[in-house]
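Read the figures in this text as sums done on the coordinates, not as results from a lab. Predicted model only: the values in this text are computed from it and were never measured. Positions of Cβ are backbone-derived with ideal geometry, glycine not excepted, and every protein chain shown enters the neighbour counts.
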Amino acid sequence: MANVMDYIRQDKLPHIWCAGCGDGTIAGAMIRAIDACGLDKNNTALITGIGCSARFNNIMDFHTFQTAHGRALSYATGFKMMKPEMDVLVATGDGDGAGIGGNHLIHTARRNIDITVVMINNQIYGMTGGQYSPMTPYPSLASTAQYSTFEYPFDVCELVKASGATYVARSTTYHINLTQKLIENAIRHKGFSFVEVISQCPTNFGKRNKMGSPYDMLMMQKEMAVTVQQAQSMSEEELKGKVLIGELVNRTDRKPFDEVYYEMVQKALKKKGAEGR
Amino acid sequence: MKKEFRLLVQEAWCKGCGICVGFCPQKVLGIAVNGKLSVNHPELCIGCGQCQLRCPDFAIKVEEVKK
Amino acid sequence: MSNSTVRFMQGNEALVEGAIVAGARFFAGYPITPASEITEGMSARLPLVGGVFLQMEDEIASMGAAIGASMAGGKCLTATSGPGFSLKQEGIGIASMMEIPVVIVDVMRGGPASGMSTLPSQMDVMQARWGCHGDHPIIVLSPATVTECYELTIKAFNLSELIRQPVILLSDAIVGHLRERIELPDPSTVKIINRKMTDKPPEEYAPFAAGEDAVPFFAERGTAYRYHMCSNVHTEQGFPADTNNEVAAKLITRLHRKLENYADEITCYQFFGPKDYDVLIVSYGCVTRAAKDAEKVLNEEGKATAVLQLQSLWPFPRAIVADYAARAGKVLMPEINLGQLIDQVRLATDRPVEGLNRCDGAEITPRQIIEKVREM
């Protein structure tokens, strides 16, 4: 197994996340996946936005940039196109990625740019104190939903799938080995790859919704998750209230964005060359 | 021969969330009065690594004791 | 022997040529009138010079992509007009705080809101200075001719790289769309400045440790120089220190000191008219064209008039304005807005300063200026 500490800025520990937060566990899985794929630290960039998920790259020893709320994918798109030889990953959250950054998410998926996105879905705006997010389950309590939420959440995997993403997967913090495996597959995938990891926010979601200890919250993830394989033999009734985990999309019919771009460049050079310019 | 394991704990990083305690199949671990992880029964550890895998704080490492 | 070429070009087209010569190899934009010719021009030019052109999903994303590409080491441009400029403010603040070079063009149109998309204005002058939140430094240059569109774009890139600072090029619908003669110099004769690179080994490198000029050093990406950059108040190592008063004060004052240190390089203006004058017209952008015409007529009439054209608007060249205004009896400040930069002129001089303003989407004409000066 990878020595996770080889990829951690140890002077940044203890990290700022609350006790029992899933972020650290997912960060560990992400590091093991990066190690398994053999990525070179010097050639890897990890870009984030704002929120708890944005702190992923404080503790990870890569080329790391913490940018603006929801915009990590825009910055990553520019970065990747300028340095296509580098491996670029983005860590985002449900608020950062599906809320304020939702437009960037669908368009980055559409372009099929070779970036790996890990979305930590803790179902709440944790950093700011527990306001409901576009992925808070209905109905729930939140600091801005004192009586109940009154909006339906996104299925973000369906959203990026419909946007043309060529690799989409979902897991949970409980299923941490699956999470690692899916992130590994996502990194190896050529094109836009997206892994949603359902995580626990004991401080700002669990407590308010009486979900018990961090351990109890992990057990709830275990209960609600059904693998893609299991789901095939389950009825619609049985699948009610369940969350599908595993590989949801893995297609190779679309070329990565940089490849398509440089094909266009070749056309341009040929055309202008023929015109004598 | 039965393998022996050692648990290395970075107490400064531990936040006492109790996830490792919940997942330990041998009840090796507990939370001490200072709110941090305590290794109560190291002799019972079977080296499954669940605590290290799931610890959100990178605070536990499981090592086999080489004899 | 000079290898310059004479062309007949639009301001927006000249701006594209300037960007390419300056070394811009990345552009991200979003369609908007009256800046689209820049986006279209970059889409035609960049693929031919090994660059990257992206049309993004919105103005915010195009600003973000340009900053991201500059973080990767490229020279980056984005272009927009008022409504888009509002959306880009977030990124301008980020680039300022994270000290990422990037050039932002705002081809001003009539506002507020969707305003008058095809008609000119100078209504974004204060937004260019204070559009994004927080105490951030900013450099703003403003062209009045097609030639200046070319030259000031190159200057914008050079300043941006030199000072590690976003630079705004404040053009307008008149200057952007008009066509006139331009003499493009041999690109090899144009002075190009690149960001300074660190000479420290990776283990000693700190991304925000500044040199004597208060500007930090850049390090090549994809190398052993792995480091963190964040948009919070941060340490020299780039990590958040957003509850540390001392770090905050040191960082934010240094950001401003960079511009003070390079004030001479930033400040640019032109003077037209006789040595002795009674009325000084202070102008910028397209209004300069009318002011210069008026100046000729007025001097022929015997009304001693001069024009001070400000090419750098922010930091406001107060000393220059003070100096030229001191030699005049009165100052006139024509602007296609209801009076935005005039207060800066008033702060710079004790001479009486009058405004000449309109906000109907039309240009200020030489006749208007002549009539106004005759009354003064």
For the range C:218-260: rounded, prolate or oblate by the Cα gyration tensor [a/c cutoff 1.5]: oblate
How crowded by other chains is C:49-61, given as the mean number of beta carbons from other chains within 10 Å of each beta carbon? 6
Antiparallel as a % of all DSSP beta bridges within chain C, to the nearest 5? 30
Taking the Cα centre of the range C:269-335 as origin and charging only Cβ (+1 Lys, Arg; -1 Asp, Glu), how large is the dipole, in debye to the nearest 20? 140
Overall dimensions of the range C:218-333 as given by Cα atoms, namely Rg and Dmax in Å: 22.2, 69
Could you give the size of the charge dipole of chain A about its Cα centre, using +1 on the Cβ of each K and R and -1 on the Cβ of each D and E, expressed in debye and rounded to the nearest 20? 700
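Can you give the Rg to Rh ratio for the range C:1-146, taking only C-alpha atoms and Rh from Kirkwood?
Here Rg/Rh amounts to 0.96.
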Grab the Cα-Cα distance for C:L48 and C:E212, subtract it from 0.36 nm times how many residues apart they are, and report the gain in nm with one decimal. 55.2 nm
Take B:K36 and A:M264, extend 7 Å from each Cα along the Cα→Cβ direction, and tell me the distance between the two endpoints in nm. 5.6
Counting only helical runs of four or more DSSP H residues, what would the 222 nm mean residue ellipticity of chain C come to if each run contributes -39,500 (n - 2.57) and the total is spread over all its residues? -11500 deg cm²/dmol
Given Cβ charges of +1 for Lys and Arg and -1 for Asp and Glu, the option among C:S283, C:C132, C:N299 whose Cα lies farthest towards the positive end of the dipole of chain C is C:N299
Report Rg (one decimal) and Dmax (nearest whole number) for the protein assembly as shown, counting Cα atoms only, units Å. 29.3, 111
Number of partner chain Cβ atoms within 10 Å, mean per residue of B:14-27: 4
Along the three principal axes, how long is chain C when you take its alpha carbons, biggest first, rounded to the nearest angstrom? 69, 48, 47
Under 8 Å for C-alpha pairs, at least 6 residues apart: give me the relative contact order for the range A:148-269, rounded to a whole percent. 30
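Could you give the dipole magnitude of the range A:152-263 about its Cα centre, charging the beta-carbon of Lys and Arg +1 and that of Asp and Glu -1, in debye to the nearest 20?
Using Cβ point charges on Lys, Arg, Asp and Glu, the range A:152-263 gives about 320 debye.
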Over the Cα atoms of the range B:5-64, Rg to Rh with Kirkwood Rh, two decimal places? 0.90
1/(1 + (r/R0)^6) with r = Cβ-Cβ of B:R6 and A:D6, R0 = 30 Å, i.e. FRET efficiency to nearest 0.05, evaluates to 0.90
Averaged across A:208-220, how many Cβ atoms of other chains sit within 10 Å of each residue's Cβ atom? 2
Dipole of the protein assembly as shown, positive direction: furthest Cα of C:T80, C:M108, C:F208, with charges on the beta-carbon: C:F208
Of A:K12/A:K207; A:K207/B:K36; C:K303/C:K330; C:K191/C:K275, which ones are farther than 22 Å apart at the Cα? A:K12/A:K207; C:K191/C:K275
Which three extents, in whole angstrom, do the alpha-carbon atoms of the range C:265-376 cover along their principal axes, largest first? 35, 34, 24
The range A:185-239: GluC sites (Glu not before Pro) falling in loop per DSSP and having at most 12 other Cβ within 10 Å: none
If each DSSP helix of 4+ residues adds -39,500 (n - 2.57) and the sum is divided by the residues in chain A, what number results at 222 nm, nearest 500 deg cm²/dmol? -10000 deg cm²/dmol
What longest range of chain C stays clear of loop-exposed trypsin sites (Lys or Arg not before Pro) (DSSP non-H/G/I/E/B, at most 13 other C-beta within 10 angstrom)? C:1-190
